[in-house]
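Written below as structure tokens is the structure these notes are about.
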Amino acid sequence: MSLVNCFSTLGCPQLSLHQAIELAQAQALSMVEVRTVSGSNDLPAVLGQEFGNPEELTAYLADTGVAIPVVGSSHRLIGNAFDFQELQELARWADAAAARFLRVFDGDGDALDAGLLDGAQARYEQWETMRAEQGIQVRLLIETHGVLCAHPALEAFCNRLPTIPILWDTHHTWAAGNDLAATYETIGQRLAHVHVKDSIITDGKRRYVLPGQGDFPVSILLELLLDERTSAPAISLEWEKHWHPELPSLELALAAATSWR
């Protein structure tokens, strides 16, 4: 049984959503994480071109047997790159896709001071108030991508905002020097979605490789994720071909992931 049960469209960036769903069906995967579609991360624009309106997206997905657990944005909760109006528009499409989560990044840097935490908490609370007022169903999901890869920052964030769901990019926190088990324990029941990928250091730089060809300790991750939890998160292969076009195809990466232990 493969570790991976989902993939991000970051790995097939030129495909339309129709084509990405067809790829999932061909790979016998029941989930697709939507990030890049038809070469663009401006999802409201490209989904509007493909489907016309959110209602048509809902109708299309109803018969595919493929769920969309997460819709990804480029917005950051920590710092200033957080646009409520743009996120509201993206949330319309996420709700149409019946997505549980709308991903935002954390922020840049390697430390969180009180001011940054205050700002993140205020934005999150404002979003939650607006979400309730407007009947938005999808929840914000924050990724361990930048500052939250530093373990003290992650602990401080989890203590300040104990209810926000977390997308654990396992590779990023591990590559930053953090123990997988310690990160897992800190995130705790906030864990809602998982990103996996593999890499190796060559010429002093870390580069992505096919799953199983690098040094990411996937066996440790498997032990952690197969613990006593009753509601396991989706485990999504984030194959970053949109940012690294030299990478092999997503199909090859998914094939490699089936024997990744």
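Taking 0.36 nm per intervening residue step and subtracting the Cα-Cα distance, what contour gain separates residue 243 from residue 80 on full extension? Please report the intermediate quantities before stating the final value.
Values: separation 163, 0.36 × 163 = 58.68 nm, distance 2.32 nm.
Going from the current span to full extension adds 56.4 nm.
Can you tell me, using C-alpha contacts under 8 Å and at least 6 residues apart, the relative contact order of the chain as a whole percent?
21 percent
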Per-bin percent of Cα-Cα distances, the range 165-261 [5 Å]
2, 12, 24, 26, 18, 12, 5, 1, 0
Given a 1.4 Å probe and every protein chain left where it sits, what share in percent of the accessible area of the range 1-90 is carbon and sulfur?
47 percent
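Nothing charged except the Cβ atoms of Lys and Arg (+1) and of Asp and Glu (-1): what's the magnitude of the dipole of the range 1-131 about its Cα centre? Round to the nearest 20 debye. Walk me through the intermediate numbers first.
Numbers: 7 positive and 18 negative charges, 53 e Å.
With only Lys, Arg, Asp and Glu charged at Cβ, the dipole is about 260 debye.
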From DSSP H assignment alone, runs of 4+ in the chain each adding -39500 (n - 2.57), the sum over residues rounded to the nearest 500 puts [θ] at 222 nm at -11500 deg cm²/dmol
So for the pair residue 60, residue 108, with labels modelled 7 Å out along Cα→Cβ, what separation do we get in nm?
3.5 nm
Over the range 167-258, with every protein chain in place, what whole percent of the accessible area is carbon and sulfur at 1.4 Å, could you tell me?
53 percent
Cα-only Rg/Rh for the range 18-79 with Kirkwood Rh rounds to 0.99
What's the local net charge at residue 24, with K and R +1, D and E -1, over the other residues with C-beta under 12 Å away?
-3
Determine the distance separating the Cα centre of the range 172-193 from the Cα centre of the range 23-37; give it in Å without decimals.
25 Å
Please tell me the relative contact order of the range 108-261 in percent, rounded to the nearest whole number, where contacts are Cα pairs under 8 Å and at least six residues apart.
18 percent
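The values are calculated or read from the model by the stated rules, or taken from the named source; none is laboratory data. Just so it is clear, the structure is predicted and the values come from calculations on it, not from any experiment. Here the Cβ is made from the backbone with ideal geometry for all residues, glycine too, and neighbour counts use every protein chain on show. These accessible areas exclude ligands, DNA and RNA; they are computed on the full protein's heavy atoms, side chains included. Shrake-Rupley method; radii C 1.70, N 1.55, O 1.52, S 1.80 Å.
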